[in-house]
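Written below as structure tokens is the structure these notes are about.
The values are calculated or read from the model by the stated rules, or taken from the named source; none is laboratory data. Fair warning: this is a prediction, and the values are worked out from it, not measured in the lab. Ideal geometry is used to build each Cβ from the backbone, glycine not excepted, and the neighbour counts take in all protein chains shown.
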Amino acid sequence: MKRVLFLCTGNYYRSRFAEKLFNHLAAEKDLDWEANSRGLALERGVNNVGAMSKYAVEALKQRGIVILPEERFPQSVIEEDFQKYDLIIAVDESEHRPLMEERFLKWVDNIEYWLIHDIGETPPDEALGELEKKVRKLIEELVEN
């Protein structure tokens, strides 16, 4: 089984959506990959309520993916994570490259960067729609390989 790790700032909204969507689509395609997610700066999410963003939960629900009440809370990425995943994707290069440079300099150029902005810059439906396109494209690329 190969593994992909999605990174965002708080592991609450974008990376969680990507993780859940990826796993759902990978299962549909019988793909030998699984996703997880972590945050680069959980301390920036002090106002987050619950385990996952209501926008992510609602968007997943609209796509037929149910989130259980016992869903795990956000988790921080640690150095060892960069060694144990086959593919690591930070969902917003403009936001996450500086965090990588500050906290995990050794790994800055060893991960893939997308450009899906947070709620302050892009409305949730637009951001999650773009993220869905990227995840679907990734799944198709993995199926072909």
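The number of residues in the range 102-118 that are assigned to a helix (DSSP H, G or I), surrounded by 12 or more Cβ atoms within 10 Å (Cβ to Cβ) and out of contact with any Lys or Arg (no Cβ under 9 Å at 6 or more places or on another chain) comes to 2.
Of Glu141, Glu132, all but one fail to be among the charged types (D, E, K, R), closer than 22 Å to Arg63 by Cα and under 15 Å from the mean Cα position of the chain (by Cα); the exception is Glu132.
Between Val66, Val135, Val108, the distinction of being in contact (Cβ under 8 Å) with a residue 40 or more places away in the chain and not polar (S, T, N, Q) belongs to Val135 only. In the range 11-60, of all residues being in contact with a strand residue (DSSP E or B) (Cβ under 8 Å, 6 or more places away or on another chain) and modelled with pLDDT under 95, the one that is nearest to Asp118 (Cα to Cα) corresponds to Gly45. Just so you know, in the range 28-42 the residues that are within 17 Å of the chain's Cα centre (by Cα) and not in a loop (DSSP other than H, G, I, E, B) include one that is farthest from Val135 (Cα to Cα), and it is Leu42. With respect to (1) assigned to a helix (DSSP H, G or I); (2) surrounded by fewer than 11 Cβ atoms within 10 Å (Cβ to Cβ), the lone exception for Val49 is condition (1). Would you mind stating whether Phe82 is more than 17 Å from Arg14 (Cβ to Cβ), of a type outside the set (D, E, K, R) and either touching a Phe, Trp or Tyr at 6+ places or on another chain (Cβ under 8 Å) or surrounded by fewer than 18 Cβ atoms within 10 Å (Cβ to Cβ) (or both)? Yes, satisfied. If only one of Glu140, Glu126, Glu121, Glu132 is more than 22 Å from Lys54 (Cα to Cα) and either assigned to a helix (DSSP H, G or I) or at pLDDT below 95 (or both), which one is it? Answer to the selection: Glu140.
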